[in-house]
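Working notes, beginning with the structure itself.
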Amino acid sequence: MIEIRRILCPIDFSDYSRRALDHAIAIARWYESTVTVLRVFSPAPVAAFGPGPVVFEPIVLTPVDRDQLLADTKACAQAESAPGITIEAVVREGNTAAEILEQAASMKADLLVIGTHGRSGFERLVLGSVAEKVLRKATGPVLTVPKLAPDAVPAGPVLYRRILCPVDFSDSSLNALKYAMSMAQEADGQLTVLHVVEHEFENRVDMASVAYDAGTTIGDFLKKREEALRQRLRETVAGASEFCSVESLMTDGKPWREVLRIATERQSDLIVMGVQGRGAADLLFFGSTTQHVVREASCPVLTLRQG
């Protein structure tokens, strides 16, 4: 159903990025992908003291340093690799998030896999901000692997047996459902398709799902809307049963809370969700459902843009 031929996984030699690499390699086994392991060296300014004003000069890699960093990156990748997986190592210099995005674009990556935390203290905050910047600007699918996610490679060839895919019937969520169905098929797993109903009338998608007649009470309207949404959910997942075991579920509440609650109850191994649009709307991205799910989920989260 989908093709994932080229996977990009940035690492910083931390346990968190190593865990992300485990997941990249596990997915590569399913789709016979090539994994590119990227190490970005971000020059740090140092103060040069003298008789005049303090001057900050960047620390840059010498050719020897670069060769050593590339060798270390290759060694880290091979230590986490699995038989039959093609792995490449790349070293770049510059702003970490910008270099990750540039590498993804230049190699036309089908999937970017990144850990959500760095090594410790300040670095944890730095890599957290890098992951957020990548999520905001990446045009392709991004798999974020939290610090609590278990190692993937020791689990064997089947990794994501229980997949949760929240849908709001937007193009981006339906595109995410396509990926979720494909991955559930590869794992011979269980796919739960979730729609969360918010009882506010600002939701234009829900409002458009049922006609409002004059004289209809709010209770009648909500009941009709719920019935219409349940029917739409059934129609949305109707074809999925050809590929995997599917459960459709509709709940009420705040979407991000419900996604996290259902993921916990179902012991989900993966959450797959769409992200709306790009541009100005992305300024609000990390105040959205996606932000809360990515930051608080205990399992990896695959986010996809529309189409």
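The values are calculated or read from the model by the stated rules, or taken from the named source; none is laboratory data. Keep in mind the model is a prediction, meaning the values are calculated, not measured. For neighbour counting, all protein chains shown are included, and Cβ atoms are generated from backbone atoms with ideal geometry for every residue, glycine included.
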note = For helices (runs of 4 or more DSSP H) lying entirely in segment 1-115, having 1 or more residues that are aromatic (F, W, Y) and at pLDDT 90 or above picks out 15-31
task = Report yes if some residue within segment 240-249 is of a type outside the set (K, R) and out of contact with any strand residue (DSSP E or B) (no Cβ under 9 Å at 6 or more places or on another chain); otherwise report no.
result = yes
query = If we scan segment 121-136, do we find a residue that is farther than 21 Å from P300 by Cα and modelled with pLDDT under 85?
reply = yes
remark   = Those residues of segment 12-34 which are of a type outside the set (S, T, Y), in contact with a strand residue (DSSP E or B) (Cβ under 6 Å, 6 or more places away or on another chain) and under 23 Å from L61 (Cβ atoms) amount to L21
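Assess whether T264 counts as being surrounded by fewer than 16 Cβ atoms within 10 Å (Cβ to Cβ), of a type in the set (V, I, T), outside the structural domain of D110 (by TED's automatic domain parsing) and at pLDDT below 90.
Numbers: surrounded by fewer than 16 Cβ atoms within 10 Å (Cβ to Cβ): yes; of a type in the set (V, I, T): yes; outside the structural domain of D110 (by TED's automatic domain parsing): yes; at pLDDT below 90: no.
No; evaluated as a whole, the condition is false for this residue.
From V246, V237, which residue is at pLDDT below 90, more than 9 Å from V196 (Cβ to Cβ) and of a type in the set (A, V, I, L, M)? Write out each step before concluding.
On the way: V246 fails: at pLDDT below 90.
That would be V237, the only listed residue that is at pLDDT below 90, more than 9 Å from V196 (Cβ to Cβ) and of a type in the set (A, V, I, L, M).
Answer yes if at least one residue in segment 280-287 is of a type outside the set (A, V, I, L, M) and modelled with pLDDT of 75 or more, and no otherwise.
No - not one qualifying residue is present in segment 280-287.
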